[in-house]
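Report on the following structure.
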Amino acid sequence: MNDDPNRARPGLAQEVLARDRRHVWHPFTQHGTEGDPVVITRAKDASLFDAQGNEILDLVSSWWTCTHGHAHPKINAALARQAGLFEHVMFAGFTHQPAADLATALAALLPGDLGRVFFSDDGSTSVEVALKIAYQYWINVGEPRRRILVAFDGGYHGDTLGAMSLGRGSQMFSPFRELMCKVCVLPLPATFEGDDAADEREAGALSAFEALLADRGQSIAALIIEPLLQGAGGMRLCRPSFLKRLVELARGAGILVIFDEVATGFGRTGTLFAMEQAGVVPDLVCLSKGLTAGYMPLAVTVAREAVFEAFLGETFDRALPHGHSFTANPLACAVALASLALFEEEKTLERIARINRRHRAMLAELAAREDVARPRLLGSILAIDVKAAGGYQSAESRRLRDFYLAHGLNIRPLGPTLYLMPPYCITEEELTRAYAGLIEGLDTLGS
Ligand SMILES: Cc1ncc(COP(=O)(O)O)c(C=O)c1O
């Protein structure tokens, strides 16, 4: 604790805050009511350090991006090495080793023939790319009437227009409703520990999908789902058996399947990719966040070869007209490669299994509380609903967030949902501290 060298520079936080208040527009923030943000000057492993040197355990992995821990020496070295060679080059007409190596490594790690990698910058763009590929795929293969997208209620796929349309169930996007594209929304059979109605709910969701297929199956381009775990929708789980059946139905109707593994990818659910637990392979998968261990903005949309082949031809109009200035940034690709190597070197999946075992013991204690509902656990993620807490940005959830921050814990409720999704390097002692703080916050809310 309190060993931050910046502590020696009094006034730093106030200087930063003065400039921030004057010139910065923060994401998902009502500047009219929100207090000052925390000025971070350093981070290491599972902890952030503010300008006074106070430690904050990063229990949500900085929006689920940080995997191996902050400021990992091997990733830092890979970044410096690549910076010494070159920082960027446009990616049409040029390529480089970090991108080719990363695409090859991802193709080897992903199941089935998911092997054609399109690079972009963040989760939203990876979804946007998947939607555009799915839409144009049907034009290219001569079935242009397939234009409808199918998504799940409570889903969150990002903030660009297409991605936002898929999350249209969320109140957050109401100002943009008229800009959104056509999406049919299915119910998600969200489940939890001790749920005795899971079968019934799954059957309901599957028959809703079957009814939609019977009615409009020939007009549907693609189905998109966050496999096993809806993140921003409130850490809602569905079972692998549901995912498997869903994919079977979509395949039966010839619809493209997109898995949004932006949040679930790179170990969060206990396996490298969530889809492995259901034994199914989508046509397109979106990855970001943990791809670069939380270091750099980078995303990929990975397609099966058959999808890619539909874009081949003699004329440009069959090609995918999409790209970004920073597509396949070499620094980010080098960092992603270093991160993938760490999964082997540090036996990261075993670390995640250890976190899961600790979470399981904690979950029993949480489930026994009167003020807690729907306990859930998947891989490194523990989640509960707090009965007394209201919706997104409710007074109770803000009170909890403030309480945790004041106690050195970065735990940010998603409406009534409290969850822990720590970096995989978190120690036993830090987990103990996290659980104790979590409980204390709940007790405070009740008092
Ligand atoms: C499942 C999922 N898809 C897409 C996104 C959007 O990613 P980004 O915020 O990097 O654009 C998120 C972000 O939380 C996500 O959880």
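The values are calculated or read from the model by the stated rules, or taken from the named source; none is laboratory data. Since this is a predicted model, take the numbers as computed values, not measurements. Cβ sites come from the backbone with ideal geometry, for glycine too, and all protein chains shown count toward neighbours. Note: areas computed on protein heavy atoms with side chains; ligands, DNA, RNA excluded. Shrake-Rupley method; radii C 1.70, N 1.55, O 1.52, S 1.80 Å.
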Could you pull out the residue among A92, A103, A83, A108 that is under 27 Å from T160 (Cα atoms), in a helix (DSSP H, G or I) and in the same structural domain as L291 (by TED's automatic domain parsing)? A103
Among the residues of segment 267-315, the number that are away from the ligand (no atom under 16 Å from the Cβ) and of a type in the set (K, R) is 1
Scan segment 33-57 residue by residue and report those that are modelled with pLDDT under 95 and over 26 Å from T67 (Cβ atoms). T33, E34, G35, Q52
Anything in segment 113-139 that is touching a helix residue (DSSP H, G or I) at 6+ places or on another chain (Cβ under 8 Å), open to solvent by less than 20 Å² (accessible area, probe 1.4 Å) and away from the ligand (no atom under 11 Å from the Cβ)? List them, or say none. L114, F119, L131, I133
Taking I426 and the conditions (1) in contact with a helix residue (DSSP H, G or I) (Cβ under 6 Å, 6 or more places away or on another chain); (2) crowded, with 20+ Cβ neighbours inside 10 Å, which numbered condition does it fall short on, given that it satisfies the others? (1)
